[in-house]
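The values are calculated or read from the model by the stated rules, or taken from the named source; none is laboratory data. This one's a predicted model, so the numbers in the text were calculated from it and none came from an experiment. Every residue, glycine among them, receives a Cβ derived from its backbone with ideal geometry; neighbour counts consider all protein chains shown. Note: accessible area is taken over every heavy atom of the protein model, side chains too, but ligands, DNA and RNA are not part of it. Shrake-Rupley method; radii C 1.70, N 1.55, O 1.52, S 1.80 Å.
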Amino acid sequence: MDLTNKNILIVGLGKSGIASARFAGKKGARVTVTDMAAEKELGVYAAMAHTLGVIMEFGKHDIETFERADLIVLSPGVPHSIPPIQRAMAKGIPILGELELAARYIREPVIAVSGTNGKTTTTTLLGSMLENSGIKVFVGGNIGNPLIDYANKTGTADMVVAEVSSFQLDTIETFRPRVGVLLNITEDHLDRYPDFKSYARSKGRLFENQQHSDFAVLNGSDPIIGSVTQDLHARKLLFCHHEN
């Protein structure tokens with residue numbers, strides 16, 4: 001994916017947005033960052049954007065800026081349903097999340113962990129287990145460092161372990177973890193999704209690009225997980241909770 005001389009718009013200026021802006025600038029893109037918050041509300045992130053030398057638009061989303069972009073990169077906290085994004089989609093402008101952008105540059109195998117509860121603990125534990133086994137691992141994603149930070153340093157680890165949220169999965173296209181882990185699905189983020197089924201489907205997208213050589217580790221005791229993972233290509237490995 002060549003970003004050289006492309007107009008890249010980063011929407012949402014948090015940790016993920018700054019990392020995406022830094023990455024795109026390093027790849028030779030012309031970068032603009034936009035956030036609905038005022039500059040003074042963004043604090044350290046606004047200061048970091050200044051040091052990157054990018055174009056900054058704070059306190060609003062300018063429709064024309066969205067329509068001029070060659071590629072729009074959404075931070076996880078920004079819904080893809082906002083009007084400027086919908087306008088850009090109607091014009092055929094590519095829209096990716098930070099996770100998807102990173103995935104296009106990462107060549108190491110990825111273990112991706114998702115679930116309503118327990119994903120941070122599980123991701124951290126997996127990273128520690130791999131490190132103690134002598135494997136050089138990068139741990140990040142929805143916790144710690146964004147995956148796009150690792151994409152800036154490709155080749156520094158043997159394996160990537162990533163916590164992945166439903167918000168990140170909403171904007172994937174090619175993201176394909178070697179191992180996908182789905183711990184549980186319970187009601188959450190219903191202010192962002194129209195209903196629980198939509199939220200559950202977003203979680204199930206973790207596996208949509210996997211192939212027969214990949215692995216899906218699933219909570220076999222969770223009927224919701226069962227309903228959104230019926231037609232997987234990956235090999236299923238189930239774990240179950242049994243009460244004494």
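Screening GLN230 with (1) in contact with a Leu (Cβ under 7 Å, 6 or more places away or on another chain); (2) surrounded by fewer than 18 Cβ atoms within 10 Å (Cβ to Cβ) gives one miss only, at (1).
Checking each residue in the range 57-83 for being touching a Gly at 6+ places or on another chain (Cβ under 6 Å) and among the aliphatic types (A, V, I, L, M) picks out LEU74, VAL78. The set of residues from the range 16-41 being in contact with a Phe, Trp or Tyr (Cβ under 7 Å, 6 or more places away or on another chain) and either aliphatic (A, V, I, L, M) or open to solvent by 50 Å² or more (accessible area, probe 1.4 Å) (or both) comprises ILE18, ALA37, ALA38, GLU39. Somewhere in the range 174-187, is a residue more than 23 Å from VAL139 (Cβ to Cβ), outside any loop (DSSP other than H, G, I, E, B) and open to solvent by less than 60 Å² (accessible area, probe 1.4 Å)? The answer is no, given that none of the residues of the range 174-187 is more than 23 Å from VAL139 (Cβ to Cβ), outside any loop (DSSP other than H, G, I, E, B) and open to solvent by less than 60 Å² (accessible area, probe 1.4 Å). Of all residues in the range 203-216, one or more are at pLDDT 95 or above, open to solvent by 30 Å² or more (accessible area, probe 1.4 Å) and part of a helix (DSSP H, G or I). Among the conditions (1) within 26 Å of ASN5 (Cβ to Cβ); (2) open to solvent by less than 60 Å² (accessible area, probe 1.4 Å), the only one that THR51 does not satisfy is (2). Evaluating PHE196 against the criteria (1) free of Cβ contacts under 8 Å to residues at least 12 places away in the same chain; (2) surrounded by fewer than 15 Cβ atoms within 10 Å (Cβ to Cβ) leaves one unmet condition, (2).
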